[in-house]
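What follows is a structure written as structure tokens; I'll ask about it next.
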Amino acid sequence: MDKYKRYASKSKSSKNDIECDNSKVIERTYDKYKRETVGRGAKGEQGPQGKMGPQGPRGEKGEQGLQGKIGPQGPRGEKGEQGPEGKVGPQGPRGEKGEQGPEGKIGPQGPRGEKGEQGPEGKIGPQGPRGEKGEQGPEGKIGPQGPRGEKGEQGPEGKIGPQGPRGEKGEQGPEGKIGPQGPKGEKGEQGPEGKIGLQGPRGEKGEQGPEGKIGPQGPRGEKGNSTVQNNAYLVQSESVSISPTSRFVFNSSFINGTDISVKNDGMTVVLSPNATYYIKYTVTGNSYNTYIVGLRVNEALIKGSLAYCEEGIKNSISNGAIYTTGNCEEELDLYNFSNRNIKTIPNSVNMQIIRIN
């Protein structure tokens, strides 16, 4: 509004035009003045642009505006080289034992092992009841009777002629009822002795007889070498179901020396070459079922190491063997030779191995 005050005294408008705050009124007054007092010349050339004046003081910081939208994500950079692997931290404490999962499916049957020794013959079961007699079939129809001739006079009786040919055998009639049993006849002479029949089933085990007296003590043997070179004690500490034709698993072990080691998650024991070992095992199931267990070396049975658990009599078996290895390391395992699962009790399956030479 200051640029118009210099013309206020020359204006023909009312005294309030310049003083008015309305910018449109001031513009009209200024244009009217120029038309009346000043002739409008031609527009001159634009002069050079003046130098930019110094920047004024920075105003106070205004309120922050609304945050703009997040722009699109840029392209993913190339993957950098992997940094060095960090050190493995200390192993944490072992967690509590979880619930046992469902029993897995039975895997494919392995190769058939060598034929084991024949077990005792089982008992012959009782004979089943005789079935009921079936219904009698319908009786056949009687054929038609021929026509009867006229009644003539009876002549003299003639001689009996020769017997005619025997007719065809007719159909067998229904079986008659069994009559009452007749009196018992006299005892006949004894016939020749018959052949010996098949051996009957094995009888139940009798009670153990009284223990015999202890015999005199034998002479004391020479003093042997008391050093045990190597020994191991392996235990299955958890309840496990061992599938048919499968190896037992030993998840806890105590081993002294270097000539005995365990691999394959506790299913295989490695024996050193040219060594003799004493091996003993014990297996206890959670029920009185029938099963067969034995020792194998390189997947072949150690003869005499089988143990047989008879159903309903016992649920724990033990056996052992002495075995000498060849010129190479050999692999030992405890094997389920049965065709059924063996459900074990925790800490009830163990194997003791001692190197004696």
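Within the stretch 314-342, track down each residue that is under 22 Å from Thr245 (Cα atoms) and either among the β-branched types (Val, Ile, Thr) or exposed (fewer than 15 other Cβ atoms within 10 Å of the Cβ) (or both).
Hits for the stretch 314-342 are Lys314, Ser316, Ile317, Ser318, Asn339, Arg340, Ile342.
What number of residues within the stretch 314-330 are part of a strand (DSSP E or B) and within 26 Å of the chain's Cα centre (by Cα)?
So the answer is 1.
Taking strands (runs of 3 or more DSSP E) that fall entirely within the stretch 242-313, which contain at least 3 residues that are crowded, with 19+ Cβ neighbours inside 10 Å and free of Cβ contacts under 8 Å to residues at least 60 places away in the same chain?
In the stretch 242-313, the matching strands (runs of 3 or more DSSP E) lie at 291-297.
Any read-out appearing in this document is the output of simple, stated calculations on the displayed coordinates, not a laboratory observation. The shown structure was predicted, so the numbers you read here are calculated from the model rather than taken from an experiment. Don't worry about glycine lacking a Cβ; one is built from the backbone with ideal geometry, like all the others, and counts go over all protein chains shown.
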